[in-house]
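Here the structure comes first, spelled out in structure tokens, and everything after it is commentary.
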Number of protein chains: 2
Amino acid sequence: MTQERYTPALFFLIPGLSLFKSIVLPVALIGFAGAAFADEGQWQPHQLPQLKSELKRIGITMPAEKLADLGKHPMSAMVSLGGCSASFVSPDGLVVTNHHCAYGAIQRNSTPEKNYIVNGFLARTRAEELPGGPNTLVYVTEKVENVTDRVLKGLTPTMSGRERHELVAARVKALIAECETDKSARCSVPAFHRGLEYYRIKQLMIRDVRLVHAPSDRIGNFGGDIDNYEWPRQTGDYAFLRAYVGKDGRPADPSPDNVPYKSKDFLVVSAEGLKNGDAILLAGYPGRTSRYKLPAEIRFARDIDFPAKAAGITADLSVIAAATHGNPAWDVRYASVAKSLNNVLKKTQGLMDGFARKDIAAIKDVQDAGFRAWHQTHAGANKNLLAELDGVIGQDMALQRQEAAWLEATHSDLLKSARTLYRLALERQKPDAQRESGYQERDLSFIKARLTRLEQSFVPRVDEARYGAALARYARIDAQVRPQDVDALLPAQDALPAMYKASELADTAKRLAWIGKDLDAFRKSGDPFIVLAVRMHDAGMALENRRNEIDGNLERVIPQYMAAVIAWKKSQGKPVYPDANSTLRVTFGTVAPYSPRDGLVKGPFTTVEGILEKETDKDPFIVPGALKEAIKAKRYGVFKDAALGTVPVNFLSSADTTGGNSGSAIMNGKGELVGLNFDSTYESITKDWYFDTAITRAIHVDIRYMLWVMKEVDHADNLLKEMTVKYPKK
Amino acid sequence: MTQERYTPALFFLIPGLSLFKSIVLPVALIGFAGAAFADEGQWQPHQLPQLKSELKRIGITMPAEKLADLGKHPMSAMVSLGGCSASFVSPDGLVVTNHHCAYGAIQRNSTPEKNYIVNGFLARTRAEELPGGPNTLVYVTEKVENVTDRVLKGLTPTMSGRERHELVAARVKALIAECETDKSARCSVPAFHRGLEYYRIKQLMIRDVRLVHAPSDRIGNFGGDIDNYEWPRQTGDYAFLRAYVGKDGRPADPSPDNVPYKSKDFLVVSAEGLKNGDAILLAGYPGRTSRYKLPAEIRFARDIDFPAKAAGITADLSVIAAATHGNPAWDVRYASVAKSLNNVLKKTQGLMDGFARKDIAAIKDVQDAGFRAWHQTHAGANKNLLAELDGVIGQDMALQRQEAAWLEATHSDLLKSARTLYRLALERQKPDAQRESGYQERDLSFIKARLTRLEQSFVPRVDEARYGAALARYARIDAQVRPQDVDALLPAQDALPAMYKASELADTAKRLAWIGKDLDAFRKSGDPFIVLAVRMHDAGMALENRRNEIDGNLERVIPQYMAAVIAWKKSQGKPVYPDANSTLRVTFGTVAPYSPRDGLVKGPFTTVEGILEKETDKDPFIVPGALKEAIKAKRYGVFKDAALGTVPVNFLSSADTTGGNSGSAIMNGKGELVGLNFDSTYESITKDWYFDTAITRAIHVDIRYMLWVMKEVDHADNLLKEMTVKYPKK
């Protein structure tokens, strides 16, 4: 599993919190990805015509106007899988994405007898295509409209932050409800520049998506966690899905009667290849960035947030290791939890390394000072803006510390389940439209799925050890940082064994049975974790209300700040892209190596020979026999790169990506598919905060490797035929 | 300390053994270095005219004939320091070499108050130059003559190996004695191609050598053991010495009355710089290589020798760690032992990695088969040669295993001292000329120095633990491999505590008092280690005699084999260089990066900015304030490289080097000094066995860095003025 996936949907399990989300989520593949050369920017497609000359300069021949039109080729070939990006590659709904984005679909179809994870899978006919399961969805963007006015109308500067935040949230919910006219419509109203603009995006949610082809994970996940964030890399991180719809052409529940979705657009695949310095375009759904943070926020992250996070995860990992030691079954249960924590830890460590290597705060100081100087003479109506901004950012950072402490105080899977259940019961008292986002009818199936899935990665004794250790960490946090009155609510360490023994929530059926129970049942329950959840509820809500208050203030102040920043940049002739928010973006760059250290150059290409260099007899460096044989025989065919003299596997580019860009189409200057994004380098980890053009690089699968493996190893001739592939002239 | 130093002089402490030498020598900096691009070869200077067109092709403008004449510039500027190489850089005996080659001289002059190791040292006047001590010697080659006929005359094919070996040894000793007419003449008669040719080399040994200048070891040894064998590298591994002689111009004992030696030749220093692809020449004294080993010998090294060596050192290191644990004074005593063992272990591990990465034996199989096919029709007189060769090589490998076992059986510093002393007493029974080499009068001062120096790296309790563990390892060796009858001679494990308690050899004065005692004193002694040495003597001699027998056979067969190889290569138009034997050699190559792995390129240059990248507040990555300030201020001056935009520090070349090449002059095509050799890359470690042109690289200090630090950091203007430096035109 690599880390280009973005999973905001998981966050709803933790009521009202935005910090440290990734620590507590067992299967969270919190991700990111990235790079740009002199080409920083995750652009909204409609911004591209402003960048016309830059696109031309690097060698993109496709007109910028074409890229701005989401209804036309090639943008209409781009789809979201929810957390991953993908694209159509045939008129019959064939979708290409990363192996790690299709992993759930591969896993759920695998059995010890038919192990598609290890052996790969190829449907030779449509009939052989396998159900992807309820979590494998394809989202096709149908409509994008600017709804800023409708969201912001009637908001006044005198409203409290919480009033403002709750009113905006209600408007957003109403706009979504209005849009989701049937089960197939999935709408969202994301804020851009934290509320300067709102767009309503209507997507067609296709819910019968089938697994068509995946190579062995010894190809698709070659290098595994060890090579995660690393270069050199030789991973064939690709897989194929197909969208199916009812005979009427509309999305339908999975059924053998469904027919392939007639995608109105698809990408042509080019095997003609790229070389160092060539221009590329990348389209996908980046999740979240923090590019416009103030220097104080950078220092807060660097000096307080990251170190605390790293220490907490490190401690949690050793508690898990100790608690599962000697019990292989428990060890397996927590393998994915540990993997996910290690992934977050590696990213956090990378952030700390990156911030230590480069004084990003000092760079931001210079930019910030430049802006503030300009702003003095261009402040417009709100002369007080920057003081207000600094004030609310200060409040936000203080609250973040309390929220981090709260996460330690509630770091128990049983408690989190109980809190979700109790909150659900509370929210269901209200009409659906007024319920907190994440607890509406539309969310119910997701809640159920998560509460069920807990059983796969949970052991009461291990959870008890983790919670005990977290409570001890909580007790060591500075008393001024701990949220008010929480201490008294928490269980004593020595009460935990009895609580875990008495609670029935560890039983999946009994846990799920709480869905739909009324408040009275919760309040009268003797289950120690239900009791604790009820007891802690008010403190949690106080924190959430404070968060809403501050978020409301941020949503009032930051759009003004961003408008000023945009004006300042405009005065310099520079367009401004919004921070990533899981909406469709386009970035461009060039195929480019980088120097991570003095005297060392990485990339831009790896080759099939590099696979054999890394071969061991142990996972994740086992090379399938057929692949090995093809490499040794140098059966490169038309996929041989003239300069390299062999088949390229992965390459680096300077494109600007982040988590959510997994599976993003890499196009050449003509808009043809030449690769798939799947990761970025370790030195790029800080790019979510500061885009350092010298070292930020995204890692892509070269389409030539994909096609070569399909031909030589997996004999996927049916798919090679279905796609429109341009082969190089001999 | 880096590993380009070669220390054969230390080997005499172990009677009659050639294998595993490095394991048992506390301060042995067993070394090597190296690289070549398509330019493999450590050429005898007289061979260079044969390589004329190749030299020209890569860009060496100096005539090959000039390089062949040891009496003329630039070859007459090259000197040996005994284990290191160096060169004259002024007419007043100023010598430049590596910092690690001058380390002894720096260390012996340092005190806590005047810490020249950390602070560096600069003599601003000749009067301030400091005595280098008895181990700091400069050897100037005066005469080289081919004495093959005199060594080999009258040898017959029917002689036994041992007869032959001993006769050759006696002839060599006589030739040396004849040549060493006074205390200043140091002669040697090295064999080339293991006895195809012998040359007598007469060197002027200058014994008053003074320390002139060394940077701080935070420059000269930046990166220390951590960066040993590594790239990227940023080490300013240079220092200056000066040779002094009596007023008559002849070498003299150190005295304030001595005057600088008037070097008849010296190198001009060029600060004009090199760039990627530029040709370089490298002259120095490489110690030993094994380039002409048979495939069977490669497999023996790979499968038996290296793994056993690595296991033995690893075990020994953990015994040392356990035995010194909790006792800082003991820990200090064994620090250099452990450092040296770790260095050998890293090299051995590198050899194992290299042999695992590339099937060198298979490559040699192809070469060997080619030669054998040719030989069938060109065998000449000795049709039986290859069968004989295989036979004696087989015997040699079998004996090497016994010798390795013997080293475990005698792995005690006290026992080794006792054996040296007893052997000395035995040899002194004979006339000096007949004594075993290493025990002659000319060797006595070296023996005393070593027996004295033991006190710096010895603790009886630690030695006892090491010996106990070695005896246990010995007992686990296959009985068929253990030398005959040795088992019965060895002490029981439980006898060791009493032996170490009773022995007086741990006391330096008492140890030295044994020098000069007669045999009777040894035979009557009750000292347990003297008793053990006497008891083991015959077994040791049996092994030594067997070694002489096999060496004699090798010396008979291998020259015939090498003559055939030379004829075979000549038939292909290719000259053949002899394996390194600590004699003056010239190699050439180009400044060149390399790819250690798919997707990764290293070199060819590092820069001063890389120093700051590695800076920590801990040794060996502390950056001196003045250096840091100069880098941050970008005070590059004329030393700025146009392409890099900064001052280069180290660079890689494809030149073919090995241990002993430390301090070797790197010259540009015009014969001007542009750098100093000091190390080679980890991937190059196998080069002593097989020169892989794609990955073998030597690491050099760029002279521009040296000059820049001298100017900007150490203000060594007096030396910059004394040398003839060509600065780039502005």
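The values are calculated or read from the model by the stated rules, or taken from the named source; none is laboratory data. Since the model is a prediction, treat every value here as computed from it, not as a measurement. Note that each Cβ is placed from the backbone with ideal geometry, even for glycine, and that neighbours are counted across all protein chains shown.
Restricting attention to region A:293-341, the residues that are among the small types (G, A, S) and within 21 Å of A:F691 (Cα to Cα) add up to 2.
Please work out if A:Q429 is in contact (Cβ under 8 Å) with a residue 24 or more places away in the chain and within 21 Å of A:H537 (Cβ to Cβ).
Spelling it out, A:Q429 is indeed in contact (Cβ under 8 Å) with a residue 24 or more places away in the chain and within 21 Å of A:H537 (Cβ to Cβ).
Within region A:181-192, restricting attention to residues that are outside any strand (DSSP E or B) and modelled with pLDDT of 95 or more, the residue that is nearest to A:R556 (Cα to Cα) is A:P190. The set of residues from region A:650-693 being in contact with a Gly (Cβ under 6 Å, 6 or more places away or on another chain), among the hydrophobic types (A, V, I, L, M, F, W, C) and within 22 Å of A:I298 (Cβ to Cβ) comprises just one member, A:I685. The residues on offer are A:T587, A:T607, and the sole one that is under 29 Å from the mean Cα position of the chain (by Cα), closer than 30 Å to B:D227 by Cβ, at pLDDT 95 or above and of a type outside the set (D, E, K, R) is A:T607. Taken over region A:476-500, residues that are in a loop (DSSP other than H, G, I, E, B) and among the small types (G, A, S) amount to 2.
Checking each residue in region B:683-726 for being within 17 Å of B:K275 (Cβ to Cβ) and surrounded by fewer than 22 Cβ atoms within 10 Å (Cβ to Cβ) picks out only B:K726. Please state which one of B:E178, B:E128 is without any contact (Cβ under 8 Å) to a residue 24 or more places away in the chain and in contact with a Cys (Cβ under 9 Å, 6 or more places away or on another chain). On inspection, the qualifying residue turns out to be B:E178. Residue-level check: of (1) without any contact (Cβ under 8 Å) to a residue 24 or more places away in the chain; (2) over 15 Å from A:E40 (Cβ atoms), A:Q572 misses just (2). Among all positions in region B:708-720, there is at least one residue which is small (G, A, S) and closer than 18 Å to B:L94 by Cβ. Taking the listed residues A:F355, A:F371, the one that is within 27 Å of A:I550 (Cβ to Cβ), away from every other protein chain (no Cβ under 14 Å), touching a helix residue (DSSP H, G or I) at 6+ places or on another chain (Cβ under 8 Å) and surrounded by fewer than 20 Cβ atoms within 10 Å (Cβ to Cβ) is A:F371, with no other qualifying.
Restricting A:V565, A:V576, A:V601 to those that are under 30 Å from B:K602 (Cα atoms) and of a type in the set (V, I, T) reduces the list to A:V601.
Flag: B:K202 matches the condition of being in contact with a strand residue (DSSP E or B) (Cβ under 9 Å, 6 or more places away or on another chain) and in contact (Cβ under 8 Å) with a residue 60 or more places away in the chain. Within region B:269-328, the residues that satisfy the criterion of being acidic (D, E) and in contact (Cβ under 8 Å) with a residue 60 or more places away in the chain are B:E272, B:D278, B:E297, B:D305, B:D316.
Hey, can you tell me all the residues within region B:502-515 that are free of Cβ contacts under 8 Å to residues at least 24 places away in the same chain and of a type outside the set (A, V, I, L, M)? The answer is B:E504, B:D507, B:K510. Evaluating A:G133 against the criteria (1) on the phi > 0 side of the Ramachandran plot; (2) in contact with a strand residue (DSSP E or B) (Cβ under 8 Å, 6 or more places away or on another chain) leaves one unmet condition, (2). Could you look through region A:218-248, keep only residues that are surrounded by fewer than 23 Cβ atoms within 10 Å (Cβ to Cβ), in a loop (DSSP other than H, G, I, E, B) and out of contact with any Lys or Arg (no Cβ under 7 Å at 6 or more places or on another chain), and pick out the one that is nearest to the other protein chains (Cβ to nearest Cβ)? Out of the qualifying residues, it is A:E230. Of the residues making up region B:592-601, those that are surrounded by fewer than 23 Cβ atoms within 10 Å (Cβ to Cβ) and either facing chain A (nearest Cβ under 9 Å) or within 19 Å of B:N119 (Cα to Cα) (or both) are B:P593, B:R597, B:D598, B:L600, B:V601.
Annotation: A:R302 fulfils all but one of (1) within 14 Å of chain B (Cβ to nearest Cβ); (2) not in a loop (DSSP other than H, G, I, E, B); the unmet one is (1). Checked against the criterion of being acidic (D, E) and over 27 Å from the mean Cα position of the chain (by Cα), the candidates A:E388, A:E455, A:E441, A:E408 yield just one match: A:E388.
Matching residues to (1) surrounded by fewer than 22 Cβ atoms within 10 Å (Cβ to Cβ); (2) more than 8 Å from chain B (Cβ to nearest Cβ):
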site	(1), (2)
A:T607	no, no
A:E613	yes, no
A:F621	yes, yes
A:P624	yes, yes
A:A630	yes, yes
A:A633	yes, yes
A:T646	yes, yes
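For region B:123-172, the set of residues classified as outside any helix (DSSP H, G or I) and more than 28 Å from the chain's Cα centre (by Cα) consists of B:A123, B:R124, B:T125, B:K153, B:G154, B:L155, B:T156, B:P157, B:T158, B:M159, B:S160, listed by residue number. Scanning region A:561-577 turns up no residue that is within 14 Å of chain B (Cβ to nearest Cβ), under 23 Å from A:L652 (Cα atoms) and either at pLDDT 95 or above or surrounded by fewer than 20 Cβ atoms within 10 Å (Cβ to Cβ) (or both).
For the residues A:I226, A:I201, the requirement of being of a type in the set (A, V, I, L, M), modelled with pLDDT of 95 or more and out of contact with any His (no Cβ under 8 Å at 6 or more places or on another chain) singles out A:I201. Contact annotation: no residue pair with Cβ atoms under 8 Å, 6 or more positions apart or on different chains, pairs a residue in region A:81-100 that is farther than 15 Å from A:S662 by Cα and at pLDDT below 95 with a partner that is buried (at least 24 other Cβ atoms within 10 Å of the Cβ) and not acidic (D, E).
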